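Each remark here refers to the structure printed beneath this line.
Bear in mind these aren't lab numbers, they're just calculated from the coordinates by the rules spelled out. All of these numbers come straight from a predicted model, not from anything done at the bench. Neighbour counts run over all protein chains shown; Cβ positions are idealised from the backbone, glycine included.
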């Protein structure tokens, strides 16, 4: 697991015995859901040594996902996907997200290709595991980037993008790490830095980017 190779990530307990079915997965999913009310910035190391950052802030709610070769920002004004090419960066602005119309999954295809695992993806996996009465669960605690986290190794999750995976969720409900085969591709991420404040430039577009505005007028 990538986490084991990183500074600031160390096991506190040996993995426990397998659990057939309990409230742990449900509790972790609930923790991740409540994290939507947080302001934070988390940096991650991806498989292969690349880095990515996930950030969100409140009043108004906005979020940003920075990954090798691109960036997605979700603000009250627009949902924007930026792609960095050899000579230029192009940012495409689309209609802002709403509770009933979240950003489409295709906006994050660039992030997925780099191995960044989104918190929303892990939450969906935990929700699927919660509904599966046959899933096997092994739990242990750890510390990741100075934050206490609960980890679960889940095996045999049906109807999910990853059947077998390990993930760690911090006490705040933030994704600490993920390791598994996600959509038939090995994905490993581990948090290396966590802050409870976010710089405003995380939600701003590159000043030299070419802007393509596809918001309806």
Checking 106, 71, 87 against a Gaussian network model of the chain (alpha-carbon springs below 10 Å), the top fluctuating residue turns out to be 87
In whole angstrom, largest first, the equivalent ellipsoid semi-axes that the Cα gyration tensor gives for segment 85-166 are 30, 18, 13
Rounded to the nearest 10, the angle in degrees between the Cα long axis of helix 24-34 and the longest principal axis of the Cα atoms of the chain comes to 20 degrees
Candidates 49, 110, 156; GNM for the chain (alpha-carbon contacts under 10 Å) flags as most fluctuating 49
So the angle from the long Cα axis of helix 119-130 to the longest Cα principal axis of the chain, reported in degrees to the nearest 10, equals 30 degrees
Relative contact order of segment 2-213 (C-alpha contacts under 8 Å, at least 6 apart) in percent is 28 percent
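Peptides 30-41, 144-155, 92-103: what's the order by average Cβ count within 10 Å, highest mean first?
Numbers: 30-41: 15.5, 144-155: 19.8, 92-103: 13.6.
Sorting 30-41, 144-155, 92-103 by mean packing, highest first, produces 144-155, 30-41, 92-103.
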The correct pair for segment 2-213, radius of gyration to one decimal and Dmax as a whole number, both in Å and from Cα atoms, is 17.2, 54
re segment 143-217: pairs of Cα atoms spaced beyond 16 Å account for a percent value of 65 percent
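From Cα pairs below 8 angstrom and at least 6 apart in sequence, can you work out the relative contact order of segment 109-172, rounded to a whole percent? Intermediate values should be presented prior to the final figure.
Details: 83 pairs, mean separation 17.1, N = 64.
Relative contact order for segment 109-172 comes out at 27 percent.
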